[in-house]
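K.L.:
Supplied in structure tokens, the structure appears directly below.
The values are calculated or read from the model by the stated rules, or taken from the named source; none is laboratory data. Please read all numbers here as calculations on a predicted model, not as lab measurements. Methodologically, a virtual Cβ is constructed for each residue, glycine included, from the backbone with ideal geometry; neighbour enumeration extends over all protein chains shown. Each accessible area value is taken on the protein alone, full model and side chains, heavy atoms only, with ligands, DNA and RNA left out. Shrake-Rupley method; radii C 1.70, N 1.55, O 1.52, S 1.80 Å.
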Amino acid sequence: MQFALNEDQVAVRDMALAFAAEKIAPHALRWDEEKHFPVDVMREAATLGMGGIYIREDVGGSAMTRFDAALIFEALATGCPTTSAFISIHNMASWMIDAFGNDTQRNKWLPKLCSMELIASYCLTEPGAGSDAAALRTRAVLDGDHYVLNGQKQFISGAGGTDLLVAMVRTGGDGPGGISTFVIDGKAPGVSFGANERKMGWNAQPTRAVMFENARVPVANRLGEEGVGFKIAMAGLDGGRLNITACSLGGAQTALDKARAYMKERKAFGKRLDEFQALQFRLADMAIELEAARTFLWRAAAALDRKDPDATMLCAMAKRFGTDVGFEVANHALQLHGGYGYLSEYGIEKIVRDLRVHQILEGTNEIMRLIVARKLIEGAR
């Protein structure tokens, strides 16, 4: 186990922190207010290797570890959790092509995905299949050298603003064994998008429904064999859960830093806020919880890197704990600001709004508990 970062890891983290401070943080409030999707800035991040963090080098990836990715996404999220989270989703979708695609597929899409000349969305959730993802109904029927797709995806990050859709659809019978994964051109005939959803947070990336109406997708765009799509989707989510946890911790760290700075300046009853012991204890608890969550995240990332048999459970544990902690720390930071925390110009309320959804996406935290419980019960037999 690793309890200190080596020189390379420090350099990677500091690079991402500097990029977040210079290119993301100064614009985050405006992006949120204007619902601006900062593709140009994300492409700048890609020039530093952040478009294909754990993609293999032969197609332009950075070939870094999941541990490195956790450091990067936490650092980027100090500037804006929403922007960091979308870059993580793009990386997750790209990794699925790298890990499960053939050489033709990898060479066709990944060089442009790593540079973010092409941007990808991950499409699993449907209007009637969220936590019960294996119940998805979008169907693909083989017709010669194409599949014909019909159905709808819901809550798709980046939809309408991205180029490729890595989508899980049903090619066989009910259950997880009937699902396959396809890479779909977002501008193909038969592919359309709903309105940009009005959301509590995550406004710097669009969220739309994706509709397939007799959309024709080449057989050559299927990743792996028919029926392995659910396994591909779940493998992607192990890393996605680490990434979103890292985004929660980065946003919460910024909220904590803002609270500390505010408490040095604000006075009440003749004393600075940071001179009140009760508030000192609150700060201490926030910092302790964050550090515990960060340590847990690092352990889970290291387990995923070494393909530990408990990696899926550890990723679920880290996601449940880290996203809950991230939201609570940000919420406490807002409380420490008093009424000013509720004003948008202080930047705290945006972080609270952005982090709330992290307890829902990449598998709700209730589903994380279910994953852990099943593993524990199976191990007891």
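K.L.:
Which one is nearest to Ile89 (Cα to Cα) among residues in the stretch 188-208 that are touching an Asp or Glu at 6+ places or on another chain (Cβ under 9 Å) and polar (S, T, N, Q)?
P.N.:
Thr207
K.L.:
Tell me whether the stretch 134-150 contains one or more residues that are aromatic (Phe, Trp, Tyr) and either in contact with a Leu (Cβ under 9 Å, 6 or more places away or on another chain) or open to solvent by 30 Å² or more (accessible area, probe 1.4 Å) (or both).
P.N.:
Scanning the stretch 134-150 turns up no residue that is aromatic (Phe, Trp, Tyr) and either in contact with a Leu (Cβ under 9 Å, 6 or more places away or on another chain) or open to solvent by 30 Å² or more (accessible area, probe 1.4 Å) (or both).
K.L.:
Out of (1) in a helix (DSSP H, G or I); (2) under 25 Å from Trp202 (Cβ atoms), what's the single condition that is false for Gly52?
P.N.:
Exception for Gly52: condition (1).
K.L.:
Give the residue that is nearest to the chain's Cα centre (by Cα), with candidates limited to residues of the stretch 151-174 that are open to solvent by less than 20 Å² (accessible area, probe 1.4 Å) and more than 17 Å from Ala220 (Cα to Cα).
P.N.:
Only one residue fits best here, namely Ser157.
K.L.:
Name the one entry in Asp285, Asp310, Asp354, Asp305 that is open to solvent by less than 20 Å² (accessible area, probe 1.4 Å) and of a type in the set (Asp, Glu).
P.N.:
Asp354
K.L.:
Here is a follow-up. Would you point out the residue of the stretch 357-373, among those that are among the hydrophobic types (A, V, I, L, M, F, W, C) and part of a helix (DSSP H, G or I), that is surrounded by the fewest Cβ atoms within 10 Å (Cβ to Cβ)?
P.N.:
Out of the qualifying residues, it is Ala373.
K.L.:
Then there's this: Pairs needed: first member in the stretch 253-278, under 28 Å from Asp324 (Cβ atoms); second member anywhere, in a helix (DSSP H, G or I) and of a type in the set (S, T, N, Q); C-beta distance under 7 Å; at least 6 residues apart or different chains.
P.N.:
What qualifies is Asp274/Gln280.
K.L.:
Output yes when any residue across the stretch 237-249 is out of contact with any Pro (no Cβ under 9 Å at 6 or more places or on another chain) and more than 23 Å from Ala63 (Cα to Cα), and no when none is.
P.N.:
Yes, the stretch 237-249 has at least one match.
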